[in-house]
Amino acid sequence: MPTPPRPVFELKDVEKVFQVRKPGQRFGRKTVGLRALDGVRLSVEQGASLALVGESGSGKSTLLRVLLGLDAPTDGQARYRGRPIRAVRDEGADFARDVAMVYQDARGSLNPRMTVGALIAEPLRRFAVVPAPEIGARVATLLTRVGLPADAAGRYPAALSGGQVRRVAIARALASDPSVLVADEAVSGLDVSTQAQLLTLLRRLQQDMGLTLVFITHDLGVASFLCEQIAIMYLGRIVETGPTDAVLTSPAHPYTAALRDAAPKFFEPIAEPLPGEIPSPLDLPSGCRFSGRCPRVQPDCHARDPHLARSRTRSVTRSVACLHPLAPVDGAGPVAPANPGPAPEQTRPD
Amino acid sequence: MTLVDNARRGRRSIFARRPFFTLALVVAVGYVLAAIFAPFVAPYDPVAQDFNAMMQPPSGAHPMGTDSYGQDILSRVIFGARYALIIGFFAVAIGAIGGLIVGLAAGLSGGWAEWALLRLIDSILALPSLILAVAFIAILGQGVDKVVIAVGLSMIGPFARTVRADVLQVRVQLFVEAAGLMAIPRAVIIWRHILPNVIYPLAVQVTIRISEAILVSSSLSFLGIGVTPPTPDWGLMIAEGRAFVSFAAWMSAMPGFALALLLIALSIVGDGIREEFDPKLRGKS
């Protein structure tokens, strides 16, 4: 058992296997296991902000569902402040109050038949955050805090724009005074100015309220703006983690480098994309799972599956799952950790 | 300008935008008013027999003529609207409430309970509602109240099916999962999040199915197993006039026309309401 303070979330070799029908068999009953998560190790400290980045199908959303206790891990341990998440969730409302979620589809997460006021009042009433007569005032405060006019309380979600609906979802998530905010692509699909407003809002909230933030995104810019820590996922596994700035300026994993290069930049042609598609988790390549697409693949990559381990050439706060990590970029070399907290990653004791 | 204003404006102008809906609504409301105020509107007692005025064609004294007992057909048609609407309304109420309960239970339960309820719904749906209503009448006996129950029970199947389909759709929605994440008790989730999203489509169904209930009840009376004579029921009147249809066609035609007009009006009103309030048909806003 680690010494207190315990990490908010701690995942140890979490696996999540979904039983799916064998591909190509339309009538057969045989199922095969689809490993959506394959040995994920992650730890989120109190007050930390972590970005989970990866392509579609890399297991980000499954990881989120495990963190929220919606899915039980097939194997491994998922702990919340030292205790199994599912057990904590089943115990009562404390976990529900403490961990709030902002869905990617904010509109879908709001009952279309309830007004914004009623939607935000629901958690207030459920957790008895404020006495009943003060609910209206608290709803107005929350709306103001996310930058919505107070008269929005009387409207229905259908009458609001995409950006406004996200704000309502954030206000609703904040209503229970959570200490952890989990957000799934909370700003994707919005126009840039709305995105900027929401990101500024989230960062302010995080600083003011001391929120622990787990932010799923595929946008590296968003990740670097909002989160001090980053975890890059590929095919159900975390391939690199560390302080966001350090990881992005000097990636150690070729996949991270490829992701970074794929982001469009001003006045530059878009870099050559990675060859091929993300492989099916039903049919993993042997050895390193990135070996099929890796531009720097070497013979032993097809034979050995690298585990996430502390990077030898860089600072202690970084871990990478690669047999031949990239050399540190000049000048960006071993970067001092942005925050003095412990690494978000526990390495295998080997 | 907010969308709320838009919606309000849309509601105000629905009559201008849908002339057929407006016309049908006027007709339907006219039926309802005539049914409520039947004793004041009808020129004669609907069951008063006048053997001096038997089988008279439509005239000034009897605008729709008289039947073989000398009863004024207009008065009987007006009083008949009473029975038709009462039967239609209460039968659909029974069907909708029963269907809501069965459908909710089937949609929310799993395992053997869902299986059993679904087979129950299937068995109700296997027979046309008229046949089923005949079967219920055979058990219950004749009379207006029995017709209401028989028609209502026979409509539980279709209502339950649509409610279950809606429940299956709603219960996997994100906002239901989000409510679960907030540790809101399941009963509250059903009441606050699932039920309202099921009730609205059901209410639309109700307006459409009232006409079906009226048709089934009239069919029962036509077959002679619904309400008993001399109740002024349209189906009964059509059946009574059948023997004389070659030389006194108005005896069957007038109640038939009244029935057809009401059914058409109710269908148009129901369709209008559905198109206006069903978000799936309203298109993306």
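Tabulated data
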item	result
Qualifying residue in segment A:4-17 (condition: modelled with pLDDT under 75 and within 25 Å of the chain's Cα centre (by Cα))	yes
Residue within segment B:151-161 that is in contact with a Leu (Cβ under 7 Å, 6 or more places away or on another chain), among the charged types (D, E, K, R) and under 30 Å from B:Phe79 (Cα atoms) present	no
Filtered residues of segment B:58-68 (kept if surrounded by fewer than 21 Cβ atoms within 10 Å (Cβ to Cβ), in contact (Cβ under 8 Å) with a residue 40 or more places away in the chain and either touching an Asp or Glu at 6+ places or on another chain (Cβ under 8 Å) or of a type in the set (A, V, I, L, M, F, W, C) (or both))	B:Ser68
Verdict on A:Pro131 being more than 14 Å from chain B (Cβ to nearest Cβ), under 18 Å from A:Ala175 (Cα atoms) and loosely packed, with under 15 Cβ neighbours inside 10 Å	yes
Spans of helices (runs of 4 or more DSSP H) in segment B:106-208 with at least 2 residues β-branched (Val, Ile, Thr) and either within 12 Å of chain A (Cβ to nearest Cβ) or surrounded by 17 or more Cβ atoms within 10 Å (Cβ to Cβ) (or both)	B:111-126, B:129-140, B:144-154, B:156-171, B:186-189
Test: A:Arg166 is part of a helix (DSSP H, G or I) and within 13 Å of chain B (Cβ to nearest Cβ)	no
Tally of residues being of a type in the set (Phe, Trp, Tyr) and within 31 Å of the chain's Cα centre (by Cα) across segment B:166-191	1
Qualifying residue in segment A:36-44 (condition: within 14 Å of chain B (Cβ to nearest Cβ) and either modelled with pLDDT of 85 or more or under 16 Å from A:Val214 (Cβ atoms) (or both))	no
Selection within segment A:56-112 - of a type in the set (Lys, Arg), within 14 Å of chain B (Cβ to nearest Cβ) and over 21 Å from A:Leu174 (Cα atoms)	A:Arg86
Single match in A:Leu174, A:Leu119, A:Leu181 (criterion: in contact (Cβ under 8 Å) with a residue 24 or more places away in the chain, assigned to a helix (DSSP H, G or I), farther than 21 Å from B:Gln173 by Cβ and within 13 Å of chain B (Cβ to nearest Cβ))	A:Leu174
Some residue of segment A:294-305 being touching a residue at least 60 places away in the same chain (Cβ under 8 Å) and surrounded by 12 or more Cβ atoms within 10 Å (Cβ to Cβ)	no
Residues (more than 26 Å from the chain's Cα centre (by Cα) and not hydroxyl-bearing (Ser, Thr, Tyr)) located in segment B:65-76	B:Gly65, B:Asp67, B:Gly70, B:Gln71, B:Asp72
Sole exception among (1) away from every other protein chain (no Cβ under 14 Å); (2) in contact (Cβ under 8 Å) with a residue 40 or more places away in the chain; (3) crowded, with 22+ Cβ neighbours inside 10 Å; (4) part of a helix (DSSP H, G or I) for B:Gly235, by number	(2)
From A:Ala252, A:Ala246, residue being of a type in the set (A, V, I, L, M), touching a Pro at 6+ places or on another chain (Cβ under 7 Å) and modelled with pLDDT of 80 or more	A:Ala252
Enumeration of residues in segment A:87-108 that are within 15 Å of A:Val66 (Cβ to Cβ) and β-branched (Val, Ile, Thr)	A:Val88, A:Val99
Residues of segment B:43-57 that turn out to be farther than 11 Å from B:Arg76 by Cα and either of a type in the set (S, T, N, Q) or surrounded by 15 or more Cβ atoms within 10 Å (Cβ to Cβ) (or both), as a count	6
Residue in segment A:144-154 that is facing chain B (nearest Cβ under 9 Å), surrounded by fewer than 18 Cβ atoms within 10 Å (Cβ to Cβ) and under 28 Å from A:Arg81 (Cβ atoms) present	no
Single condition B:Ala178 does not satisfy, out of (1) in contact (Cβ under 8 Å) with a residue 24 or more places away in the chain; (2) touching a Ser or Thr at 6+ places or on another chain (Cβ under 7 Å); (3) under 25 Å from A:Val102 (Cα atoms)	(1)
Selection from segment A:281-293 of residues that are over 18 Å from A:Thr256 (Cβ atoms) and in contact (Cβ under 8 Å) with a residue 40 or more places away in the chain	A:Pro281, A:Leu282, A:Leu284
Residues being touching a Phe, Trp or Tyr at 6+ places or on another chain (Cβ under 9 Å) and buried (at least 17 other Cβ atoms within 10 Å of the Cβ) - total across segment A:188-206	2
The one condition in (1) within 22 Å of B:Ala96 (Cβ to Cβ); (2) surrounded by fewer than 17 Cβ atoms within 10 Å (Cβ to Cβ); (3) not basic (Lys, Arg) that B:Gly224 fails to fulfil	(1)
Residue within segment B:77-84 that is assigned to a loop (DSSP other than H, G, I, E, B), in contact (Cβ under 8 Å) with a residue 60 or more places away in the chain, surrounded by 17 or more Cβ atoms within 10 Å (Cβ to Cβ) and within 28 Å of the chain's Cα centre (by Cα) present	no
Selected residue (only one of B:Gly80, B:Gly65, B:Gly88, B:Gly70 is in contact with a helix residue (DSSP H, G or I) (Cβ under 8 Å, 6 or more places away or on another chain), at positive phi and not aromatic (Phe, Trp, Tyr))	B:Gly65
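Residue by residue, here is whether (1) touching a helix residue (DSSP H, G or I) at 6+ places or on another chain (Cβ under 9 Å); (2) within 15 Å of B:Ile86 (Cα to Cα); (3) small (Gly, Ala, Ser) holds:
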position: B:Val216; (1), (2), (3): yes, yes, no
position: B:Gly224; (1), (2), (3): yes, no, yes
position: B:Trp234; (1), (2), (3): yes, yes, no
position: B:Arg242; (1), (2), (3): yes, no, no
position: B:Phe247; (1), (2), (3): no, no, no
position: B:Ala253; (1), (2), (3): yes, no, yes
position: B:Phe257; (1), (2), (3): yes, no, no
position: B:Leu261; (1), (2), (3): yes, no, no
position: B:Ser267; (1), (2), (3): yes, no, yes
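The values are calculated or read from the model by the stated rules, or taken from the named source; none is laboratory data. Everything numeric in this text was worked out from a predicted model, so none of it was measured. Glycine gets a Cβ as well: all are built from the backbone with ideal geometry, and neighbour counts include every protein chain shown.
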